[in-house]
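*Asks:* Supplied in structure tokens, the structure appears directly below.
Nothing in this text is a laboratory measurement; each read-out follows from the coordinates by a stated rule. These figures come from a predicted structure and were not determined experimentally. Every residue, glycine among them, receives a Cβ derived from its backbone with ideal geometry; neighbour counts consider all protein chains shown.
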Amino acid sequence: MIAIDFTHDPQRESWIDSANEAGTDFPIQNLPFTVFHTGDGDPRIGVGIGDQVLDLRYCAAQGLLDAALVEPAQRQVLNGLMSLEPARRVQLRQAISQWLHVDTSTSQAVLQEGLYPQDAVEFCLPCQIHDYTDFYASIFHATNVGSMFRPNNPLLPNYKHIPIGYHGRASSVVISGTDVVRPVGQKAPAEEGQDPTRSPAALLDYELEVGFYVAQGNPLGSTIPLELAEQHLFGMCLVNDWSARDLQKWEYQPLGPFLAKSFATTVSPWVVTMEALAPFRVPEYQRPDGDPQPLDYLSSPENSASGGVDIQLQVSLLSKQMREKSLPPQSLSQTRFTNMYWTIAQILTHHASNGCNLQPGDLMASGTVSGPERNERGSMLELTWNGDAANPTPGTDRTPLQLPTGEERKFLGDGDELILHGFCENEQYRRIGFGECRGTVQPAR
């Protein structure tokens, strides 16, 4: 597990005033990575600090980096930094923190030209994502969905023994702010004996998720023991795994999601490093009495003690009518990443346990993050209990969502914008955030 050092000191401040403001996502204790350009189409790696982004390529050109860090810092994607030894990643974080520290006046004059206002740049995907795997790691989400379709048997027998996942579509992972076109696809026949139909998805949904990027990978045929998994984790982001529920219902048996998921997955532009998250590590999810314990390869004292990450998550909706009336987004749910049944280290170890070769920049997502209460559900499917389900689970609220314009939502409408937020906060350390993950639904083509 990553050690806490001077970069996490809650009293530490920057010479960039906006980084010292209460409530900022990007104080000097965070320093997330991103990739951006300034309108010239030339992507470069950046570091978030207050309301600014620091150009790491510029820093390399000024001779501020050790020789081993210069080449990966000058790339157009983060994959080179992701593949560094863990000690090198710590070294880079410490160096950036020193440059930006309030008492480092010599760096201030040099770095001023390498800073850009965040609202004046365009963000890109932070890395080349070779592969994307989405998981199903929230037991509350899995139980809710199972209760809708298998009321007497919500969780299948394997759920509490292995992290369940499916191979997603890396080419349709898009950066926050990218519009999402409503997909068209096949749907189940209205009645037995009829043919399926094909039309725009009517039951379009979002999924509030957390993603994490692989750092160093493993050769084909080898594994990543749980004791070493943390060394192979680079950082985390926010993910909206858009889902077409009516398409999914027809296609998911017997091999799982396909076109219902592959049309778009939105990620936030900022990668909050595992080093920045060190003060917010917590014990793994406490399994109820009677639940099976993980097999040996998915169990370790360190993972039990600090495998969790305490991230507070929020999702809100802004409809087209709300934008036209200048109304603020409406909160849909708030939950915590501590509700996950499996830790990110367990997920990574299980993924590689059959000899699958992970690579720097591979993206894995948690699956919908939901909690035990209705206001903690991370999808419309759960919030409205499948909309107009014919046989809702007794006692379950399936009331449509009411918007301040008088609109109702059972699933997403054209023009709806979904906004995901995430942050970490406790009494001992400075609050750090993940920025936003946004996407707006456009009509089917």
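*Asks:* Considering the dipole of the range 203-319 built from charges on the beta carbon (Lys and Arg +1, Asp and Glu -1) around the Cα centre, which of S299, L226, F258 is farthest to its positive end?
*Replies:* The listed residue farthest towards the positive side: F258.
*Asks:* Using amide H atoms built in the peptide plane, which far-off residues or other-chain residues are under 5 Å from G439 H to H?
*Replies:* G177, L418
*Asks:* Order the peptides 310-319, 339-348 from the highest to the lowest mean number of other Cβ atoms within 10 Å of their residues.
*Replies:* 339-348, 310-319
*Asks:* On the first, second and third principal axes, largest extent first, how far apart are the outermost C-alpha atoms of the range 186-312 in Å?
*Replies:* Its Cα atoms span 55, 39, 34 Å along the three principal axes.
*Asks:* What is the set of long-range amide H partners of V282 at a cut-off below 5 Å, with H atoms built 1.01 Å from backbone N?
*Replies:* Amide H neighbours of V282, under 5 Å, 5+ apart: G308, V309, D310.
*Asks:* Mind telling me which of Q186, Q216, Q402 comes out most flexible in a GNM of the chain, alpha-carbon contacts under 10 Å?
*Replies:* Maximum among the listed residues: Q402.
*Asks:* Another question, then. Residue by residue, what Karplus-based ³J(HN,Hα) values in Hz, rounded to whole numbers, does the range 182-195 have, using 6.51, -1.76 and 1.60 with θ = phi - 60° and x for Gly and Pro?
*Replies:* My calculation for the range 182-195 gives 4, x, 10, x, 6, 10, 4, x, 5, 9, 4, x, 8, 7 Hz in order.
*Asks:* For a protection proxy built on the mean count of beta-carbon atoms within 10 angstrom, sort 97-104, 59-66 highest first, please. Don't skip to the end; give the middle numbers.
*Replies:* Details: 97-104: 18.0, 59-66: 16.5.
Final packing ranking: 97-104, 59-66.
*Asks:* While we're here: If you scale each eigenvalue of the Cα gyration tensor by 5 and take the root, what three semi-axes come out for the chain, rounded to whole angstrom and sorted largest first?
*Replies:* Details: eigenvalues 268, 131, 83 Å².
Ellipsoid semi-axes (Å, largest first): 37, 26, 20.
*Asks:* Full extension from F258 to A120: what is 0.36 nm times the residue separation minus their Cα-Cα distance, to one decimal in nm? All intermediate terms of the calculation are to be shown ahead of the outcome.
*Replies:* Details: separation 138, 0.36 × 138 = 49.68 nm, distance 3.68 nm.
Contour length minus Cα-Cα distance gives 46.0 nm.
*Asks:* Quick one: which residues, 5 or more positions from L78 or on another chain, have an amide H under 5 Å from its amide H? H modelled 1.01 Å from N in the peptide plane, none for Pro or chain starts.
*Replies:* Under 5 Å from the amide H of L78 lie the amide H atoms of C127, Q128, each far enough along the sequence or on another chain.
*Asks:* Give me the one-decimal nm value for the distance between modelled label points at A188 and A3, 7 Å along each residue's Cα-to-Cβ direction.
*Replies:* Modelled inter-label distance: 5.6 nm.
*Asks:* If R₀ is 25 angstrom, what is the calculated FRET efficiency for the pair E113 and D17, using the beta carbon separation as r and rounding to 0.05?
*Replies:* 0.90
*Asks:* What's the ranking of 286-297, 31-42, 265-276 by average number of surrounding C-beta atoms within 10 Å, highest first?
*Replies:* The densest-packed peptide leads the list: 265-276, 31-42, 286-297.
*Asks:* Next up: Given the rule -39500 (n - 2.57) for each run of at least 4 DSSP H residues, summed and divided by the residues of the chain, what is its mean residue ellipticity at 222 nm, to the nearest 500 deg cm²/dmol?
*Replies:* -4500 deg cm²/dmol
*Asks:* Sticking with this structure for a sec: Restricting to Cα pairs below 8 Å that are 6+ residues apart, what does the relative contact order work out to for the range 6-123? Please round to a whole percent. Intermediate results must be reported in sequence, preceding the final value.
*Replies:* Numbers: 186 pairs, mean separation 36.0, N = 118.
Relative contact order of the range 6-123: 31 percent.
*Asks:* Please enumerate, by chain and number, the lysines with C-alpha under 19 Å from the C-alpha of K187, excluding those fewer than 8 residues away in the same chain.
*Replies:* Filter leaves K249, K261, K410.
*Asks:* What is the dipole size for the range 6-123, taken about its Cα centre, with +1 at each Lys and Arg Cβ and -1 at each Asp and Glu Cβ, in debye to the nearest 20?
*Replies:* Charge dipole of the range 6-123: 460 debye, to the nearest 20.
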